[in-house]
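Input: a single structure, listed below in structure tokens.
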């Protein structure tokens, strides 16, 4: 029988720390709350993205620095709930709410939500959903950013020059790692410090 895989994000953590089987009611509520909250945030961020477009007219790929906010719910839900499907649920529902509130991208926003849920889900799954820390958060965010980048380049920017595409890659992934990765990790720690996550099975094991 193989030994448990140690948590490289938390060297002193007990290996194999996971939630009990089956979704708990509190986990569903927390994941849904993250999704709804960020669905509303997305609506506002969509307007901000459109309003600031002119500021990046000379070099559009640099606007990728603003991208990270759209990638937060999947990463944050994965960090907080640590349950298979949490990242996908939060990212997809947030995108649906954004579309219903009038996203300028319409139902395409839902396609992005699916990608932004699947990408971090794969990273959390590879880590076995064990006490994900900063490294896992950054990897999950980078994966989400790369998934979104692929959609953007195919759907919206296929005619960009190679240099612009590489610049967009750099700015978008940087935003993803800092905002959705480090930002979600810090937000999770801040929420845990207030005690609002104490009811979650995963948090009770820490």
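Please determine whether any residue of segment 48-70 is under 17 Å from residue 116 (Cα atoms), part of a helix (DSSP H, G or I), touching a helix residue (DSSP H, G or I) at 6+ places or on another chain (Cβ under 7 Å) and free of Cβ contacts under 8 Å to residues at least 60 places away in the same chain.
no
Tell me, yes or no, whether segment 9-25 has at least one residue that is at pLDDT below 95, more than 13 Å from the chain's Cα centre (by Cα) and in a helix (DSSP H, G or I).
yes
Name every residue in segment 173-193 that is under 13 Å from the mean Cα position of the chain (by Cα) and closer than 14 Å to residue 62 by Cα, in order of residue number.
Within segment 173-193, 173, 175, 176 qualify.
Out of (1) buried (at least 21 other Cβ atoms within 10 Å of the Cβ); (2) closer than 29 Å to residue 57 by Cβ, what's the single condition that is false for residue 131?
(2)
List pairs: first residue in segment 172-189 and more than 26 Å from residue 153 (Cα to Cα), second residue surrounded by fewer than 23 Cβ atoms within 10 Å (Cβ to Cβ) anywhere in the structure, Cβ distance under 8 angstrom, at least six positions apart or on different chains.
Pairs found: 185/133; 185/134; 185/138; 188/197.
Residue check, residue 203 against (1) exposed (fewer than 15 other Cβ atoms within 10 Å of the Cβ); (2) touching a helix residue (DSSP H, G or I) at 6+ places or on another chain (Cβ under 7 Å); (3) at pLDDT below 95; (4) not in a loop (DSSP other than H, G, I, E, B), all met but one. Which one?
(1)
Out of (1) at pLDDT below 95; (2) farther than 21 Å from residue 149 by Cβ; (3) part of a helix (DSSP H, G or I), what's the single condition that is false for residue 40?
That leaves (1) as the condition not met.
Residue by residue, here is whether (1) surrounded by fewer than 22 Cβ atoms within 10 Å (Cβ to Cβ); (2) part of a helix (DSSP H, G or I); (3) in contact with a helix residue (DSSP H, G or I) (Cβ under 8 Å, 6 or more places away or on another chain); (4) touching a residue at least 24 places away in the same chain (Cβ under 8 Å) holds:
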residue: 98; (1), (2), (3), (4): no, yes, yes, yes
residue: 106; (1), (2), (3), (4): yes, no, yes, no
residue: 110; (1), (2), (3), (4): yes, yes, yes, no
residue: 121; (1), (2), (3), (4): no, yes, yes, yes
residue: 137; (1), (2), (3), (4): no, yes, yes, yes
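Checking residue 160 against (1) touching a helix residue (DSSP H, G or I) at 6+ places or on another chain (Cβ under 8 Å); (2) in a helix (DSSP H, G or I); (3) over 15 Å from residue 179 (Cβ atoms), which test does it fail?
All conditions pass for residue 160, except number (2).
The values are calculated or read from the model by the stated rules, or taken from the named source; none is laboratory data. Note that the structure is predicted; figures quoted are calculated from it, not measured. We place every Cβ from the backbone using ideal geometry, glycine too, and count neighbours over all the protein chains shown.
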